[in-house]
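The values are calculated or read from the model by the stated rules, or taken from the named source; none is laboratory data. These numbers were taken from a predicted model, which means no experiment stands behind them. Glycine gets a Cβ as well: all are built from the backbone with ideal geometry, and neighbour counts include every protein chain shown. Quick note on the areas: whole protein, heavy atoms, side chains included, nothing else; ligands and nucleic acids left out. Shrake-Rupley method; radii C 1.70, N 1.55, O 1.52, S 1.80 Å.
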Amino acid sequence: MSSSDRSRAVDLTRTYEVRTYGCQMNVHDSERLSGLLEGAGYVRAPEGSDGDADVVVFNTCAVRENADNRLYGNLGRLAPMKTKRPGMQIAVGGCLAQKDRDTIVKRAPWVDVVFGTHNIGKLPVLLERARVQEEAQVEIAESLEAFPSTLPTRRESAYAAWVSISVGCNNTCTFCIVPALRGKEKDRRTGDILAEIEALVGEGVSEITLLGQNVNAYGSDIGDREAFSKLLRACGKIDGLERVRFTSPHPRDFTDDVIAAMAETPNVMPQLHMPMQSGSDTVLKAMRRSYRQDRYLGIIDKVRASIPHAAITTDIIVGFPGETEEDFQQTLHAVREARFAQAFTFQYSKRPGTPAATMEGQIPKEVVQERYMRLSALQEEISWDENKKQVGRTLELMVAEGEGRKDGATHRLSGRAPDNRLVHFTKPDVEVRPGDVVTVEITYAAPHHLLAEGPALDVRRTRAGDAWEKRNAAEAAKPAGVMLGLPQIGVPEPLPVATGSGCGLD
């Protein structure tokens, strides 16, 4: 390539930024969107660009409170930037785009592309069509066009990865709009899932999280009720795969064969995030949750009997329509019995398009807030007590990237224990990279993290750490520009920590 050609390549470089809201499924979809854009020749904008990119993509959530106001507020802030920057494009996708469709362009006519949850693979084509035709492109597919895992991906971590095993949901929870936006459950072939995991391990990944709206219902689409437990056991046979997690299961489908597979498969981690939503049988019925308190707590008991050190987390909604003080007391009782390591608690708020939004008995906000504060205080106390039980234990940590905000000031590093607890530990004298494994003794417990203040007992360099190091070397050597149309692979950022579902991963 001549010097003039190289100059034109730099001039033709177009940058992109993807802003993600919502659940783990959206985070994984954003990895796909980034992979698609980089495959089309776009380059990821530098961190902190704050809209100063040629293409800004919003991957939206329709479940979080005030999701639409947040979107339109951000779109409004970009409008003057777009006016000053000819050629800049804005795209809106995800659940809110699937739900609101033409409304987005009417409220924000400077948006160039609107696409839904079922056709994320069309983004590069829609951007180009909008540029050529000089008008907004709105394309919302009503059903899945291709399973997302067939699309190119820009993985956000060198050492840990999401692996989608299904999309959609067959449940009809009255507070959730996700099934209407993502459709009925569609399962991937087991062979395709295992092939993706093996390929990831070949690239250096040592931890995978199986992902689905209702992950342990896997198999309902193919007529095998034990398909999920079989998948867990198959993951246990993949050489080099050190950690397997999954999110989020539904209590209805949490059968004994799944518990046995968790207990008997060494690389399936002793961690379970299982949304409870409420401890009241009356509220659970109104929510159309197909279990009751006894059934839920029974599952917890079975898991702990088989996996004594399992850390169990949950989601809880406070103030669902019709919830009485007696109902709320039942939730507090269930929390005391379950002894969750952590609970992601949400104040109920109306979600347009859900049955719960029009139910009688909407709870005043001040009552919801007061109950929320009581629940949070109780769970904080339990979380701290459960973390104190970890003091004195020797744990293997997978070193994480970007999870300790104070690591620089405290001369510590951070990692995740097998049960996914966050541990800050003293920086060893030898080099430690994200993805490597460090053995430490826990010396202190706080409600939301643990400390290992003594020296590391062991440091194990891993293929995952090698992969992280290789990516950083590639970033340093990356050319300044790339011509449109040629694929360019960037260096992934840290994998976002999986949190409570909040939007139908339940």
How big is Rg to Rh over the range 383-453, alpha-carbon atoms, Rh as the Kirkwood inverse-mean-distance radius? 0.93
Along its three principal axes, how long is the range 85-131 when you only count alpha carbons? Whole Å, largest extent first please. 29, 25, 13
Going by average Cβ density within 10 Å per residue, which order do the peptides 224-230, 406-412, 374-380 take, highest to lowest? 224-230, 374-380, 406-412
Multiplying the sequence separation of F344 and A79 by 0.36 nm and subtracting their Cα-Cα distance, what value in nm do you get? 91.9 nm
Starting with the highest mean, order 395-403, 342-350 by the number of other Cβ atoms within 10 Å, averaged over the residues of each peptide. 395-403, 342-350
Heavy atoms only, probe 1.4 Å: what % of the accessible area of the chain goes to carbon and sulfur, would you let me know? 51
Where does the range 334-474 land on Rg/Rh, using Cα atoms and the Kirkwood Rh? 1.14
Other-chain or far-sequence residues with amide H under 5 Å of A311's (modelled H): Q271, L272
Near the amide H of V43, under 5 Å away, which other amide H atoms are found, from residues 5 or more places off or on another chain, if H is placed in the peptide plane? R14, T15, Y16
In whole angstrom, the spacing between the Cα centers of the range 24-51 and the range 209-247 equals 27
J(HN,Hα) series, the range 218-229, from Karplus relation 6.51 cos²θ - 1.76 cosθ + 1.60, nearest Hz, glycine and proline x: 3, x, 5, 6, 10, x, 10, 5, 9, 5, 5, 5
Non-local amide H neighbours of G183 (under 5 Å, H modeled in plane, Pro and chain starts lacking H): which ones? C169
How are the C-alpha pair distances of the chain spread across 10 Å bins, as whole percents from the shortest bin up? 4, 18, 27, 28, 18, 5, 1, 0
So how exposed is D187, as accessible area in Å² (1.4 Å probe, rounded to 10)? 10
Taking 7 Å along the Cα-to-C-beta vector as the label spot, tell me the D281-A141 distance in nanometres, rounded to one decimal. 4.4
Quote to one decimal, in nm, the extra length available between E337 and N472 on full extension: 0.36 nm per residue of separation minus the C-alpha distance between them. 44.0 nm
Take the Cβ-Cβ distance between A377 and T172 as r, set R0 to 35 Å, and report the resulting FRET efficiency rounded to the nearest 0.05. 0.60
Given a Förster distance of 25 Å, the FRET efficiency implied by the Cβ-Cβ spacing of D257 and K186, rounded to the nearest 0.05, works out to 0.65
Taking the alpha-carbon set of the range 58-107, what are its Rg and Dmax in Å? 11.3, 33
Among the listed pairs K186/K230; K186/K350; K406/K427; K82/K350; K106/K186; K99/K184, those beyond 22 Å (Cα-Cα): K186/K350; K82/K350; K106/K186
The alpha-carbon pair-distance distribution computed for the range 207-281, with 5 angstrom bins and whole-percent values, is 3, 16, 28, 26, 15, 8, 3, 1, 0
If you take the Cα atoms of the range 284-336, find Rg, then find the Kirkwood Rh from the mean of 1/r over all pairs, what is Rg/Rh? 1.01
How large is the accessible surface of M276 in square angstrom, using a 1.4 angstrom probe and rounding to the nearest 10? 0
Rounded if a/c is under 1.5, else prolate if a/b beats b/c, else oblate: with a ≥ b ≥ c from the C-alpha gyration tensor eigenvalues square-rooted, which is the range 161-314? oblate
With r as the distance between the Cβ atoms of R225 and V132 and R0 = 45 Å, compute the FRET efficiency 1/(1 + (r/R0)^6) and round to 0.05. 0.35
Over the chain, with the other protein chains present, what is the accessible area per residue in square angstrom, probe 1.4 angstrom? 43
Once the range 293-391 is represented by equal point scatterers at the alpha-carbon sites, with solvent omitted, what log10 I(q)/I(0) does the Debye formula produce at q = 0.15, 0.16, 0.18 Å⁻¹? -0.67, -0.74, -0.89
Please state the shape class of the range 151-238: rounded when a/c is under 1.5, otherwise prolate if a/b exceeds b/c and oblate if not, all from the C-alpha gyration tensor. oblate
